[in-house]
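Enquirer: Provided herewith is a single structure, encoded as structure tokens, for subsequent inquiry.
The values are calculated or read from the model by the stated rules, or taken from the named source; none is laboratory data. Being a predicted model, the structure only gives us computed values, none of them experimental. For neighbour counting, all protein chains shown are included, and Cβ atoms are generated from backbone atoms with ideal geometry for every residue, glycine included.
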Amino acid sequence: MTLPIAGGTYQIDTTHSQLGFSVTHLDISLVRGTFDMFTGSLIVGDTVADTGVTIEAEMSSVNTGNASRDEHLLGDNFFDVTNHAQMGFQSTAVSEAGDGYELKGELTIKGITNTVTLTGTYNGSGVFPMDGSTHHGFSLSGTISRSAFDVSYGVPMVTDEVELLLEAQFIDPTPE
């Protein structure tokens, strides 16, 4: 099976996409956040197996809606942004999974790389009326262990499990 879009390299529309996460605090409430500065691309091949996704985020752009907490996340106890400015994901395998897709890939946080699995759906396409470009929407999510990336400060006050979320629009390549 192929994705219902033509082969090519599609850049992420960061204005209409969101890279986020959530954790549970004290086992009673979710704390959500985003990385507000990121880039990414979708390379569509002849088959789903020939398709790949790359995402890179600036760790300093973490935004939980609380400046004090965000500053703490930037420090040595969490992201150590001084020494590890970026987080990156590179898919290594894409396959069909039920009504959607599964992406296996390498996620790097704080210089530590682990294999993760994201699942998601293709949400369709639409023409962006501001410039006439065609956008393709995807929703992806997966759970990681933050301690696997040496980000274990505060466990179990804040859960070790982190839900990753990507709501992405990729833009049709510009014809040459």
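Enquirer: What are the pairs with Cβ atoms under 6 angstrom where one residue, in the range 5-24, is assigned to a strand (DSSP E or B) and the other, located anywhere, is at pLDDT 95 or above and of a type in the set (D, E, K, R)? Sequence gap at least six, or different chains.
Expert: Taking only residues 6 or more apart or on different chains, the pairs are 18/167; 22/32; 22/163.
Enquirer: In the range 28-72, how many residues are assigned to a loop (DSSP other than H, G, I, E, B), acidic (Asp, Glu) and modelled with pLDDT under 95? Break it down stepwise before answering.
Expert: Of the range 28-72, the ones assigned to a loop (DSSP other than H, G, I, E, B) are 28, 36-37, 45-47, 51, 64-66.
Now restrict to residues that are acidic (Asp, Glu): 36, 46.
Okay, now just the ones that are also modelled with pLDDT under 95, so 46.
The qualifying residues number 1.
Enquirer: Out of everything in the range 73-109 that is among the small types (Gly, Ala, Ser) and more than 23 Å from residue 14 (Cα to Cα), what residue ends up being modelled with the lowest pLDDT?
Expert: First pass over the range 73-109, keeping only residues among the small types (Gly, Ala, Ser): 75, 85, 88, 91, 93, 95, 97-98, 100, 105.
With more than 23 Å from residue 14 (Cα to Cα) added as a condition, the list becomes 75, 93, 95, 97-98.
On the way: 75: 96, 93: 96, 95: 93, 97: 91, 98: 88.
The extreme case among them is 98.
Enquirer: For residues that are at positive phi and without any contact (Cβ under 8 Å) to a residue 12 or more places away in the chain, tally how many sit in the range 119-153.
Expert: Residues flagged as at positive phi and without any contact (Cβ under 8 Å) to a residue 12 or more places away in the chain within the range 119-153 amount to 1.
Enquirer: Oh, and also: Out of the residues in the range 117-130 that are farther than 30 Å from residue 149 by Cβ and assigned to a strand (DSSP E or B), which is farthest from the chain's Cα centre (by Cα)?
Expert: Filtering the range 117-130 down to residues farther than 30 Å from residue 149 by Cβ leaves 124-130.
Adding the requirement that they be assigned to a strand (DSSP E or B) leaves 124-127.
Numbers: 124: 19, 125: 19, 126: 21, 127: 23 Å.
Looking at the filtered set, the residue picked out is 127.
Enquirer: Working only within the range 133-176, note down all residues that are assigned to a helix (DSSP H, G or I) and buried (at least 20 other Cβ atoms within 10 Å of the Cβ). Lay out the reasoning, then the answer.
Expert: Initially, the range 133-176 is screened for residues assigned to a helix (DSSP H, G or I), giving 146-149.
Correct list: 146, 149.
Enquirer: Give the residues of the range 92-111 that are assigned to a strand (DSSP E or B) and either over 17 Å from residue 44 (Cα atoms) or over 17 Å from the mean Cα position of the chain (by Cα) (or both), sorted by residue number.
Expert: 95, 96, 97, 106, 107, 108, 109
Enquirer: Something else now. Any residue at all in the range 61-77 that is closer than 22 Å to residue 135 by Cα, buried (at least 16 other Cβ atoms within 10 Å of the Cβ), free of Cβ contacts under 8 Å to residues at least 60 places away in the same chain and under 15 Å from the mean Cα position of the chain (by Cα)? So that I can check it myself, show each step before the final result.
Expert: Restricting attention to the range 61-77, the residues satisfying the condition of being closer than 22 Å to residue 135 by Cα are none.
Scanning the range 61-77 turns up no residue that is closer than 22 Å to residue 135 by Cα, buried (at least 16 other Cβ atoms within 10 Å of the Cβ), free of Cβ contacts under 8 Å to residues at least 60 places away in the same chain and under 15 Å from the mean Cα position of the chain (by Cα).
Enquirer: Separate question: If residue 89 satisfies every condition in (1) assigned to a loop (DSSP other than H, G, I, E, B); (2) in contact (Cβ under 8 Å) with a residue 24 or more places away in the chain; (3) surrounded by 15 or more Cβ atoms within 10 Å (Cβ to Cβ) but one, which is the exception?
Expert: The number of the failed condition is (1).
Enquirer: Going by the structure shown, is residue 54 in contact (Cβ under 8 Å) with a residue 24 or more places away in the chain and under 12 Å from the mean Cα position of the chain (by Cα)?
Expert: yes
Enquirer: Suppose we filter the range 137-176 for residues that are under 16 Å from the mean Cα position of the chain (by Cα) and within 14 Å of residue 12 (Cα to Cα); how many remain?
Expert: Start the filter on the range 137-176 by keeping residues that are under 16 Å from the mean Cα position of the chain (by Cα), which leaves 137-146, 149, 161-170.
Adding the requirement that they be within 14 Å of residue 12 (Cα to Cα) leaves 137-140, 166-170.
The number of residues fulfilling the criteria is 9.
Enquirer: Kindly indicate which of 83, 114 is out of contact with any Phe, Trp or Tyr (no Cβ under 9 Å at 6 or more places or on another chain) and either exposed (fewer than 14 other Cβ atoms within 10 Å of the Cβ) or part of a helix (DSSP H, G or I) (or both).
Expert: Details: 114 fails: out of contact with any Phe, Trp or Tyr (no Cβ under 9 Å at 6 or more places or on another chain).
Only one candidate qualifies: 83.
Every residue, every condition in (1) of a type in the set (Val, Ile, Thr); (2) touching a strand residue (DSSP E or B) at 6+ places or on another chain (Cβ under 6 Å), yes or no:
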{"residue": "89", "(1), (2)": "no, yes"}
{"residue": "117", "(1), (2)": "yes, yes"}
{"residue": "143", "(1), (2)": "yes, yes"}
{"residue": "152", "(1), (2)": "no, no"}
{"residue": "158", "(1), (2)": "yes, yes"}
